[in-house]
Amino acid sequence: MADPYSFDGFTSSDLAALLDLPDVTLFEKTTSTLDIAHKKAADGCLAGTLVIADQQTAGRGRTGAKWMSPSSTGIWLTLIERPVDTSGLDVLSLRVGLRAARALDRFAPEPVRLKWPNDLFVDGRKLAGVLIEARWRESRLDWIAIGVGVNVCPPADFPLAGSLDSGTRRVEVLTDLVPALRLAAASMGSLSAIELSEWNARDLARGRHCREPARGIVEGITPGGELLVALADSVARFRTGSLVLDLPS
């Protein structure tokens, strides 16, 4: 059960009205908002259902990585959507990153940068992460869970983490971020030329040497969301995996 508490002075009903959502569930502390959101979706919750926690004890990222979510320092949320058109699903993580970066720009000390496939950076430090999980019923998409974690304040135990400007209020961030996530989920098809241009402008890795998923130089992404890496004699495309950059010399 959700603890009866307010998120920076806003109750769940307050936030649902402010964000124009059918339901917002607040937790002072939980394991992972993704796990809670999946349970609500399996029980038939409406698209636009949002789960927020002040603290997560078992937040997770891609490939099982642990996402630290200390109390009162950030926004740890999962949004449930039920898109009918699945043509944008392959690039949804990238599209969410783009939309989230736009939303976070006005709260950040510099334009937010992106790193394939799901990380947002500011001042060279990780500011936010995105994790998309889909659930299918036979061949039909039943729902998607869009998990986002944003460091609003500098976490005391993680000095290498990025954060937003001092004094930023979490509810103000939500009013820009949540509509951005919903727009990303509603978008169809591959990344447009405008989206690719914006990605290139924000790309933290473009032109840099990497050692994973292959040794080479990052050349950007394709409209279908594949990572391009220039090898010695060709350009390789990667749809899955992690991007690990070489440290600056």
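Read-outs throughout are calculated quantities, based only on the coordinates presented, and are distinct from any laboratory measurement. Please read all numbers here as calculations on a predicted model, not as lab measurements. Using ideal geometry, Cβ is built from the backbone for each residue, glycine included, and neighbour counts are taken over all protein chains shown.
You can think of it this way: the chain between residue 244 and residue 43 has 68.5 nm of extra reach, that is 0.36 nm per residue less the Cα-Cα gap. Using +1 at the Cβ of each Lys and Arg and -1 at the Cβ of each Asp and Glu in the chain, identify which of 72, 108, 145 lies farthest towards the dipole's positive end. Comparing the listed Cα positions along the dipole, 145 ranks first. Note that segment 113-191 shows a convex hull volume over its alpha carbon atoms of 126 Å³ per residue. Converting phi to 3J(HN,Hα) with the Karplus coefficients 6.51, -1.76 and 1.60 and the offset θ = phi - 60°, segment 108-120 yields 9, x, 7, x, 6, 9, 10, 10, 3, x, 8, 10, 10 Hz in sequence order, with x at every glycine or proline.
Helix-only arithmetic for the chain: the sum of -39500 (n - 2.57) across DSSP H runs with n ≥ 4, divided by the residue total, places the mean residue ellipticity at 222 nm at -7500 deg cm²/dmol. Residues whose amide H lies under 5 Å from that of residue 143, counting only those 5 or more places away or on a different chain, are 135; hydrogens are built 1.01 Å from N in the peptide plane. With R₀ fixed at 22 Å, the C-beta to C-beta distance from residue 194 to residue 222 puts the FRET efficiency at about 0.90. Taking the DSSP bridge list for the chain and keeping only pairs wholly inside it, about 90 percent are antiparallel. Sparse packing (at most 15 other Cβ atoms within 10 Å of the Cβ) combined with a DSSP loop state is found for the following trypsin sites (Lys or Arg not before Pro) in segment 96-172: 106, 169.
Taking max minus min of the alpha-carbon positions on each principal axis, segment 205-245 gives extents of 22, 20, 14 Å, largest first. Entry for the chain at q = 0.13, 0.15 Å⁻¹: log10 I(q)/I(0) = -0.80, -1.06, Debye formula applied to identical alpha-carbon scatterers, no solvent contribution. Relative contact order of segment 12-195: 22 percent, from C-alpha pairs under 8 Å at least 6 residues apart in sequence. Across segment 213-218, coupling constants 3J(HN,Hα) worked out from phi with the 6.51/-1.76/1.60 Karplus curve, θ = phi - 60°, read x, 7, 7, x, 10, 5 Hz, and Gly and Pro carry x.
Amide H to amide H distances under 5 Å link residue 127 with 120, 121, 122, 162, where only residues 5 or more positions off or on other chains count and H is placed in the peptide plane. The distance linking segment 179-224 with segment 8-55 is 29 Å (Cα centroid to Cα centroid, whole angstrom).
Here r is the Cβ-Cβ distance between residue 18 and residue 142 and R0 is 25 Å; the resulting FRET efficiency, rounded to 0.05, is 0.35. For segment 86-95, 3J(HN,Hα) computed residue by residue from phi via the Karplus equation (6.51, -1.76, 1.60; θ = phi - 60°) reads 9, 5, x, 5, 5, 10, 4, 4, 5, 5 Hz, glycine and proline entered as x.
Restrict the search to segment 207-249; then list the trypsin sites (Lys or Arg not before Pro) that DSSP places in a loop and that have at most 15 other Cβ atoms within 10 Å of their Cβ. Answer by residue number: 208, 215, 239. Annotated for the chain: lysine pairs at least 8 residues apart or interchain, Cα distance under 19 Å, count 6. Loop-located chymotrypsin sites (Phe, Trp or Tyr not before Pro) in segment 1-60 (DSSP state other than H, G, I, E, B) with a sparse environment of at most 10 neighbouring Cβ atoms within 10 Å are absent.
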